[in-house]
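Input: a single structure, listed below in structure tokens.
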Amino acid sequence: MAANQRLKEKEIEGDQLVIKGDKLAQTSFFKWKADWEGAADEYEKAATCYKLAKNLVKAKEAWKKAAIAYQHLHEEFSSARCLESAALNAKESQSMNEACELYLQASQLLISQQQNQRAAENRLHAARCAESFDNDLAVKYYHLTIDLLIADNKEHFIADAFKYALAFTLRGKRWEDSLALLKIVEPVYTNMGSSYSGEVYKICTSTVVIHLVRNDVVAADNYYKECYSKDGYLNSPEGQFAGDLIEAYLKSSEEEITKLKKHRALTFLDNEVVKLVRSLGSPEKKSEGSVNDEDIDEDDPRRLL
């Protein structure tokens with residue numbers, strides 16, 4: 001009872017602060033100018049009270065009011081900060097659609113202040129919220145996040161966005177979206193130098209696996225050949241695994257595919273890609289136009305591995 005009473009008291013305190021803030025934000029015949037600075041302060045204090053009272057909905061609304069007050073003061077960064085807090089409260093109360101919109105609003109304000117890295121973080125939050133109600137929108141926001149970081153020369157920070165985006169598209173069996181992401185990110189890691197070779201190898205092998213899951217051995221083999229130019233890839237565990245997996249498919253060898261599901265290269269791949277590998281069954285008989293063993297040239301590097 002005592003705990004519930006304290007929560008109620010904090011909520012009432014928050015209500016009183018919001019009323020005070022609203023009065024400061026108003027104008028009248030005798031008060032021509034709103035006190036937005038004072039209002040913002042009261043709204044923020046109210047949001048804190050509501051949070052302590054565990055009333056996330058009221059906390060969210062108070063943060064939104066504070067954000068509006070800061071916009072009147074042309075303090076975009078502070079407004080974005082309040083929108084981030086409002087978005088978090090919306091997310092915690094399972095209002096994912098609203099949380100997504102609030103994160104995007106915060107992102108736009110931060111971009112206007114040249115805070116692109118933090119803006120990208122908000123876009124990433126928006127994408128993750130959108131996963132729960134609109135798959136297409138989630139993919140769009142993931143792309144916007146990655147695009148913003150690349151455009152701002154913040155490539156080193158794309159890892160989280162790429163990881164979440166790839167996992168989401170793979171879980172949803174959105175193979176084309178997955179391949180598009182891999183195609184965008186691979187040259188980014190390549191240009192970042194040898195210290196990111198492992199990421200490049202992982203992307204190359206993940207692309208091969210996705211093509212095989214789609215039962216497109218030709219595309220997998222053609223892409224693998226394109227990766228010959230990747231320094232060190234063919235001799236890496238990931239490269240050897242990809243080559244062996246393609247050959248197993250060319251031979252329609254269920255036994256070899258089963259063995260490859262325990263290959264040490266899987267420890268380097270993302271979890272969702274590993275799941276795809278373990279889901280691979282016996283390939284169907286090669287259809288007309290598929291790659292045959294004879295299609296592997298005599299000087300193909302795979303013959304030397």
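The values are calculated or read from the model by the stated rules, or taken from the named source; none is laboratory data. The model shown is predicted, which means the values in this text are computed figures rather than measured ones. Cβ coordinates were reconstructed from backbone atoms using ideal geometry, including for glycine residues, and neighbour counts include every protein chain displayed. Keep in mind that these areas ignore ligands, DNA and RNA; they rest on the heavy atoms of the full protein, side chains included. Shrake-Rupley method; radii C 1.70, N 1.55, O 1.52, S 1.80 Å.
See the values below:
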quantity	calculated
Close pairs (8 angstrom Cβ cut-off, 6 or more residues apart or separate chains): of a type in the set (Gly, Ala, Ser) and open to solvent by 40 Å² or more (accessible area, probe 1.4 Å) in the range 262-288, at pLDDT 65 or above and assigned to a loop (DSSP other than H, G, I, E, B) anywhere	282/252
Candidate set: the range 226-243, residues that are open to solvent by 70 Å² or more (accessible area, probe 1.4 Å) and free of Cβ contacts under 8 Å to residues at least 24 places away in the same chain; chosen: the one farthest from the chain's Cα centre (by Cα)	229
Qualifying position, being closer than 28 Å to residue 263 by Cβ, open to solvent by 20 Å² or more (accessible area, probe 1.4 Å), of a type in the set (Phe, Trp, Tyr) and part of a helix (DSSP H, G or I), among 201, 189, 141	201
Filtered residues of the range 204-226 (kept if in a helix (DSSP H, G or I), touching an Asp or Glu at 6+ places or on another chain (Cβ under 9 Å) and not hydrophobic (A, V, I, L, M, F, W, C))	205, 206, 207, 211, 221, 225
Residue list for the range 21-55, restricted to those being outside any loop (DSSP other than H, G, I, E, B) and over 20 Å from residue 79 (Cβ atoms)	23, 49, 52
Count - residues of the range 204-217 that are open to solvent by 30 Å² or more (accessible area, probe 1.4 Å) and in contact (Cβ under 8 Å) with a residue 40 or more places away in the chain	2
All positions within the range 21-75 that are among the aromatic types (Phe, Trp, Tyr), without any contact (Cβ under 8 Å) to a residue 40 or more places away in the chain and open to solvent by less than 20 Å² (accessible area, probe 1.4 Å)	43
